[in-house]
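This report concerns only the one structure given below.
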Amino acid sequence: MIKEKLGWPRLGLIIFLLFIIVGLNGLIIQKELLLAQGEPVYWGLLPIDPRSLIQGDYMILRYEFVDGGVDATHWPQNGQIAVQLNPQRIVTDIRLHTANQPLGPNEIIWNYQRISNNEIKIGANSFLFQEGLASLYDQAEYAEFRVTPNGDSLLVDLRDENLRLLQPQ
């Protein structure tokens, strides 16, 4: 009956669109849960502040202990690192983590991707901000992430040397 009224091409299109809507909503819910339930972690930055005519103002993010600080040549393409945190939850060291290794004190799991022979990606590689706020974000010393116990992470904001949120007055 439905087939006769809508026809297979239309019904297929409707089902396809429903899958897209459900999938996108699932991703949004996943990120919202990560924001709500993830623990804050602060990763030191080695920033560069370029300008893009297409994107506006943004900062390329380079992370301490990752960019040029680790030999990932023989690491798996995707995996986990153990991230050492100090009492303020600032990253102080990283190491490759395997499933049979226990975590040390003040260590958490962090998922990564190897993007070249010796580079790993631990999170967003740029941070976009409103035009005219470059001088504010020049003060960025830390990237704030939310991290779940299984190692999923999400970049939330940038912080200054005292972990204060960088925001316009």
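Given H placed 1.01 Å from N in the peptide plane, which residues other than close sequence neighbours of ILE94 have an amide H under 5 Å from its amide H?
GLN84
Among residues other than ILE29 whose Cβ falls under 15 Å from its Cβ, what is the net charge (Lys/Arg +1, Asp/Glu -1)?
Local charge sum for ILE29: 0.
Quick one: accessible surface of LEU165, probe radius 1.4 Å, all protein chains present, in square angstrom to the nearest 10.
Answer for LEU165: close to 70 Å² accessible.
What size of dipole, in debye to the nearest 20, comes out for the chain about its Cα centre when the only charges are +1 on Lys and Arg C-beta atoms and -1 on Asp and Glu C-beta atoms?
I would put it at about 860 debye.
Can you give the accessible area of ASP138 in Å² (nearest 10), computed on protein heavy atoms with a 1.4 Å probe?
We get 90 Å² for ASP138.
Could you tell me the extents of segment 31-169's C-alpha atoms along the three principal axes, largest first, rounded to whole Å?
Result, largest extent first: 49, 31, 26 Å.
With a 1.4 Å probe and all protein chains left in place, how much accessible area per residue does segment 33-146 have, in Å²?
55
Working from Cα positions, state the angle (0 to 90°, nearest 10) between the long axis of helix 8-37 and the longest principal axis of the chain.
For 8-37 against the chain, the angle is about 30 degrees.
With the dipole of segment 110-169 worked out from charges on the C-beta (+1 for Lys and Arg, -1 for Asp and Glu) around the Cα centre, which of SER126, LEU163, VAL147 lies farthest toward the positive end?
The Cα lying farthest towards the positive end belongs to VAL147.
Enter the accessible area of THR98 (Å², nearest 10), with the probe set to 1.4 Å and all protein chains included.
Around 60 Å² of this residue is reachable by solvent.
Mind checking the dipole of segment 116-158: about its Cα centre, +1 per Lys or Arg Cβ, -1 per Asp or Glu Cβ, Debye to the nearest 20? All intermediate terms of the calculation are to be shown ahead of the outcome.
Values: 2 positive and 7 negative charges, 35 e Å.
About 160 debye.
So, with a 1.4 angstrom probe, what is the percent of accessible area on the chain that is carbon and sulfur?
With neighbouring chains kept in place, the figure for the chain is 56 percent.
The values are calculated or read from the model by the stated rules, or taken from the named source; none is laboratory data. Everything numeric here is computed off the predicted structure, so don't read it as measured data. Backbone-built Cβ (ideal geometry, glycine too); neighbour counts: all protein chains shown. What goes into the accessible areas is simple: the full protein's heavy atoms, side chains included, and nothing from ligands, DNA or RNA. Shrake-Rupley method; radii C 1.70, N 1.55, O 1.52, S 1.80 Å.
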